[in-house]
Amino acid sequence: MHFGKTILGTITLLLLVLTTNAQVFRWDEAVIYQIYPRSFQDSDGDGIGDIKGITSRLDYLKGLGVDIIWLSPVYKSPMKDMGYDVSDYEAIDPVFGSMEDFEVLLKETHLRQMKLILDFVPNHTSDEHPWFKEARKSSDNPYHDYYLWRKDNTIPDNRISYFGGSAWEKNALTGEYYFHLFLKEQPDLNWDNPKVREEIYKALTFWLDKGVNGFRLDVIPLISKSPDYPANLRFKVTENAAYTRSLMPGPHLHEYLREMNERVFSRYDCFVLGEGIGINPQSVCDYVTPERKELNLIYHFEVTDLGRNALYIPSKVSPLALKRTLSRWDSVTAGCNARSAVLFGNHDQPRMLNRFGNPRKYRTLSAQMLAMLTLTYRGVPFIYQGDELGMRNIRLKYRELEDVSAINLVKIAGKYGIPRGLAMHFVNKAGRDNARTPVQWNPHKNAGFTEGEPWLKVHPDYPLINAEAQQNDTSSVLHFYKKLLILRRKYPCLRNGNLAETDKNHPRLLIYTRSNSDCNFLIICNLTSRKVKYSLPEIARNGKMILGNYPDVPDASRILPFECRIYECKK
Ligand code: GLC
């Protein structure tokens, strides 16, 4: 009996030690940093960023204080859509390096206590993927059913692809049409075919076995197609919303997500983030409610879509609309015990500073205010490379464009008689190349990005805006990010505290508290370039301001343009 008790005690102790030592992956308290590898750091002088370049910058990321690196695709690819057209899910494209380089990157990331998640593209492959090369040979090829075909050799409907033009492309070898939501070089996979799902699960497992810490799943809501596919639907080019609704969510979407979770993710301690194309506050919980066992987190486009009438037609962002959108997504996700993603920009968007800040007059101040908002609002914050330096949109000439969606837009606009100058105006304001210009590391040749000819123009403002200059300047945007990240690590309530917004209808200021049993903070952000009269609430006057973006003593009755402050308040 006594012996039994001792054994039981030892086992309990052992279990306790094991659980305490096990590093549970707290993705819900993490800060995500997105790397667009092509533009991050080149190491071999070919003008294209690569994996060794990323490894050489890991100390920078560690110094910044981020937790998870989201790596945009580095798989083998013909690069028609810059890597989102994958021709081998289990190989690294030589332009980025080798598998060995990747393993070194992963090891070095882990040595610095950071995590690495891969961007995975499950909705479509490249037309140069061996599956598609086989599939297109004949309709009885074993791979034919890996893709979506219109069997009767007629164009089924006038659906357009996201990148312009028909979503159907004729396959010369069989006379059939195949479906592609993006480029014609990105044929959509047929997820209703169990073999396709098996292949995808195998590829995901391959990377998890290598030690990656999870994935960002590209356009995940699109994988299951709607039941009337491929019915003869007709849309006007302007009926974007109806068109998008007709595509998702397909009837098996959540079934497939659960299956993927059960077959792959549940077997690893990993984090899975979805790109929530087309999701809305009514549907988000279907993806991220923990009990549903689908995804951990999904990001939406309602913030990045603010202030634009169509993909390429931007208009001014209304601060109130921004406040309401943030708050709506926060409360819906909190309601299903999930997290929301706090994301203002990525590789598919123009620079966040140009959309939500003032990139000229208040560049530093507005970039810092956006940093405070990103890192103190409730949710999982995302930093897109270069935003921590206050990088801005670039002005490109047509021949300097690299993004296929922008190039297509200008061509299509031309067909409709829209002058190229006007089309370029939109592209320069809203195009994806804006976020893809090389990261500005120092004031030397090509901003220190490459010794060679950069694949995309370096922003000419790099002598002024670069990491080296900001490392040495404690009033810089970079330092502000670092300070905020230190505060986040120090105070749990900034990571997981409750959020309560006050003055909800204030047209310029966003004011909220983050609090839990340990701490209580009040955050004030002026979302505009105007000075605002504001009388500080009692809790702030009794508290202590611990960070702000103006050098002077804060005014108790005015909040200056793009000013932001955090007050540590009494509990
Ligand atoms: C996602 C990616 C984008 C890509 C598209 C097609 O939206 O973020 O860059 O072009 O999917 O794969």
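The values are calculated or read from the model by the stated rules, or taken from the named source; none is laboratory data. Here the structure is a predicted model, which is why all the values come from computation and not from measurement. Heads up, the Cβs are rebuilt from the backbone with ideal geometry, glycines too, and the neighbour counts pull from every protein chain shown. Only protein heavy atoms, including side chains, enter the accessible area calculation; ligands, DNA and RNA are left aside. Shrake-Rupley method; radii C 1.70, N 1.55, O 1.52, S 1.80 Å.
Table: residues versus (1) part of a helix (DSSP H, G or I); (2) open to solvent by less than 50 Å² (accessible area, probe 1.4 Å); (3) under 21 Å from Leu183 (Cα atoms).
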site	(1), (2), (3)
Ala406	yes, yes, yes
Ile412	yes, no, yes
Gly421	yes, no, no
Val427	yes, yes, yes
Asn434	yes, yes, yes
Pro438	no, yes, no
Trp441	no, yes, no
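Any chance the range 470-487 includes a residue that's in a loop (DSSP other than H, G, I, E, B) and either touching an Asp or Glu at 6+ places or on another chain (Cβ under 7 Å) or buried (at least 16 other Cβ atoms within 10 Å of the Cβ) (or both)?
Pass one, the range 470-487, residues in a loop (DSSP other than H, G, I, E, B): 472-476.
Keeping just the survivors that are either touching an Asp or Glu at 6+ places or on another chain (Cβ under 7 Å) or buried (at least 16 other Cβ atoms within 10 Å of the Cβ) (or both) gives 476.
The answer is yes, given that some residue of the range 470-487 is in a loop (DSSP other than H, G, I, E, B) and either touching an Asp or Glu at 6+ places or on another chain (Cβ under 7 Å) or buried (at least 16 other Cβ atoms within 10 Å of the Cβ) (or both).
Across the range 191-201, the qualifying residues are those that are open to solvent by 20 Å² or more (accessible area, probe 1.4 Å) and within 13 Å of Tyr147 (Cβ to Cβ), and the one among them that is farthest from the ligand (Cβ to nearest atom) is Lys195. Considering only residues in the range 342-368 that are open to solvent by 10 Å² or more (accessible area, probe 1.4 Å) and within 16 Å of the ligand (Cβ to nearest atom), the one that is nearest to Ala310 (Cα to Cα) turns out to be Asp348. One residue alone among Val264, Val288 is modelled with pLDDT of 95 or more, within 27 Å of Met99 (Cβ to Cβ) and open to solvent by less than 10 Å² (accessible area, probe 1.4 Å), and that residue is Val264. As a summary of the residue check, Asp518 satisfies the conditions (1) open to solvent by less than 40 Å² (accessible area, probe 1.4 Å); (2) modelled with pLDDT under 95 except for the one numbered (1). May I ask you to verify whether Arg159 is within 22 Å of Gly250 (Cβ to Cβ), out of contact with any Cys (no Cβ under 6 Å at 6 or more places or on another chain), open to solvent by less than 10 Å² (accessible area, probe 1.4 Å) and more than 15 Å from the ligand (Cβ to nearest atom)? So Arg159 fits the description; yes.
Being surrounded by fewer than 18 Cβ atoms within 10 Å (Cβ to Cβ), at pLDDT 95 or above and not in a loop (DSSP other than H, G, I, E, B) is true for just one of Asp145, Asp140. Which residue is that?
Values: Asp140 fails: not in a loop (DSSP other than H, G, I, E, B).
Selected residue: Asp145, the only one of Asp145, Asp140 that is surrounded by fewer than 18 Cβ atoms within 10 Å (Cβ to Cβ), at pLDDT 95 or above and not in a loop (DSSP other than H, G, I, E, B).
The lone criterion from (1) over 29 Å from Leu560 (Cβ atoms); (2) free of Cβ contacts under 8 Å to residues at least 60 places away in the same chain; (3) open to solvent by 30 Å² or more (accessible area, probe 1.4 Å); (4) not acidic (Asp, Glu) left unmet by Ala338 is number (3).
Are any residues in the range 276-285 open to solvent by 10 Å² or more (accessible area, probe 1.4 Å) and within 16 Å of the ligand (Cβ to nearest atom), and if so, which ones?
From the range 276-285, those open to solvent by 10 Å² or more (accessible area, probe 1.4 Å) are 277-283, 285; that's our starting set.
Hits for the range 276-285 are Ile277, Gly278, Ile279.
Are any of the residues in the range 312-324 within 16 Å of the ligand (Cβ to nearest atom) and in contact with a Ser or Thr (Cβ under 6 Å, 6 or more places away or on another chain)? Scanning the range 312-324 turns up no residue that is within 16 Å of the ligand (Cβ to nearest atom) and in contact with a Ser or Thr (Cβ under 6 Å, 6 or more places away or on another chain).
Scanning the range 515-571 for residues that are closer than 17 Å to Phe480 by Cα, under 30 Å from the mean Cα position of the chain (by Cα) and part of a strand (DSSP E or B) yields Ile523, Ile524, Cys525, Asn526, Ile546, Leu547, Gly548, Cys564, Arg565, Ile566, Tyr567.
If you go through the range 165-184 and keep only what is surrounded by fewer than 19 Cβ atoms within 10 Å (Cβ to Cβ), in a loop (DSSP other than H, G, I, E, B) and either within 14 Å of the ligand (Cβ to nearest atom) or modelled with pLDDT of 90 or more (or both), you end up with Ala172, Leu173, Gly175, Lys184. Within the range 133-151, being in contact (Cβ under 8 Å) with a residue 24 or more places away in the chain and either within 15 Å of the ligand (Cβ to nearest atom) or more than 30 Å from Val74 (Cα to Cα) (or both) holds for Ser138, Ser139, Arg150, Lys151. Condition test on Gly63, is it among the small types (Gly, Ala, Ser) and under 26 Å from Arg26 (Cβ atoms)? Yes.
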